[in-house]
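Laboratory data are not the source of any read-out in this text; all were calculated from the coordinates shown. No experiment lies behind these values; they were computed from the predicted model shown. In this analysis, Cβ positions are derived from the backbone assuming ideal geometry, glycine residues included, and neighbour counts consider all displayed protein chains.
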Amino acid sequence: MAVRNILLGITGGIAAYKSAELVRLLKKAGYEVRVVMTQGAEAFVTPLTFQALSGEPVRTSLLDPEAEAGMGHIELAKWADQVVIAPASADFIARLAQGMANDLLTTVCCATVAPIAVAPAMNQAMWGNERTQRNIRLLASDSQITLWGPDQGEQACGDHGPGRMLEAAMIADLIMDKQHGAKGLAGKRVVITAGPTREPIDPVRYISNHSSGKMGYALAAAARDAGAKVVLVSGPVNLEAPAGVDVRAVVTAEDMLKAASLAVDEGCDLFVATAAVADYRPENCASNKIKKSNETMTLPLTRNPDTLATIAARSDAPFTVGFAAETSDVARYAKDKMQRKKLHMIVANDVSAPGLGFNSDDNAVTVFWSGGQETIGPDTKKRIASRLIELIGERLKQE
């Protein structure tokens, strides 16, 4: 169904000023826009602003006698091809997650069958609060709802971190992407692992590797741009979360397996394992810092669980793509890994090549699948990620 009628819900927050620009962009692109404002939103922006921009009356009350004489909330719910809540406050997210219908906007969300996009906007501490995150997880598991953001950066209160609403132009682009519908992963649920793991030796030391997470983060952004709902399970990295991607931070290999399995349980069409997971961990983690006393030290190691193999072996396994970072005989080792772990595709790269792979913005990879292969790069990880997502989307459609 073509997306032409946009119902824009505006909740209380300073980011409400961005919504005026969103209405302007959507009207310019030829969309019909109707606006519903909560009482909190009216404290930041006036309904008259949105009436002037949309050319339509703005609805603010569920109990408006004139509008509700014709069951106005039901009419709005049926009229919308797409509902967009921007900004979505922590309070609204909590009420939506619980299925409440105690104002006009939540009532419309309960009554509509249209897809609902939620663009969170709040202080970084509110966004990180476990109760907010619990509500976000509920929304993320709802097939009718898509989360757009939040972004990271400086906030109105002076804090810096996740919680900023996506810019109006980005939200408009996401709406237009849904309209044109040519995205290779539109409607798909994608889980991606990225970065290294850290296996503790004692409270101050750990075993890890040189993975920066840049390839996995670029793939998450590319999958999002291709129309997918993306969960990114990330080891410790120094990267900003891609806007519109559900990032779940982990530390150890066991953490990664648990978080990845949960994300797949929530629904997954495509699993991409870019993370450089430590193969081994210390048998025991010392409770106190190990003092330097002897010339040598023996550290017994035990094997870590294999996240990629575990997901690929599930009875409900999604389309599964692995990565192979090798220093020699790259093609042979990659193909062997694909066969052993029963993967649909594998992406191989030579991490010994100067200026490519670990900690670099550039890479060069060769993708293998049953009956075919393709080499991509050298190029930026961002452009390689875009081509990989295109290629994976093509293979996924053929399965």
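Grab the other residues whose beta carbon is less than 14 angstrom from that of Ala309, score K and R as +1, D and E as -1, and report the net. Taking every other residue near Ala309 into account, the sum is +3. Sequentially through segment 206-222, phi angles give Karplus couplings (6.51, -1.76, 1.60; θ = phi - 60°) of 7, 9, 8, 8, 8, 4, 8, x, 5, 5, x, 5, 5, 5, 4, 5, 5 Hz, Gly and Pro residues having no value and appearing as x. Lys and Arg at +1, Asp and Glu at -1: add these up for the other residues within a Cβ distance under 15 Å of Ala20 and post the number. Once all neighbours under 15 Å are counted, the net charge is +1.
Would you mind classifying the chain by shape? Square roots of the alpha carbon gyration tensor eigenvalues, ordered a ≥ b ≥ c; an a/c under 1.5 is rounded, otherwise it is prolate if a/b is larger than b/c and oblate if not.
Verdict is prolate for the chain.
Summing Lys, Arg as +1 and Asp, Glu as -1, what charge do residues with Cβ under 11 Å from the Cβ of Thr252 carry, Thr252 excluded? Here the count lands on 0.
Angle of helix 130-140 to the longest C-alpha principal axis of the chain, folded into 0 to 90 degrees and rounded to 10: 80°.
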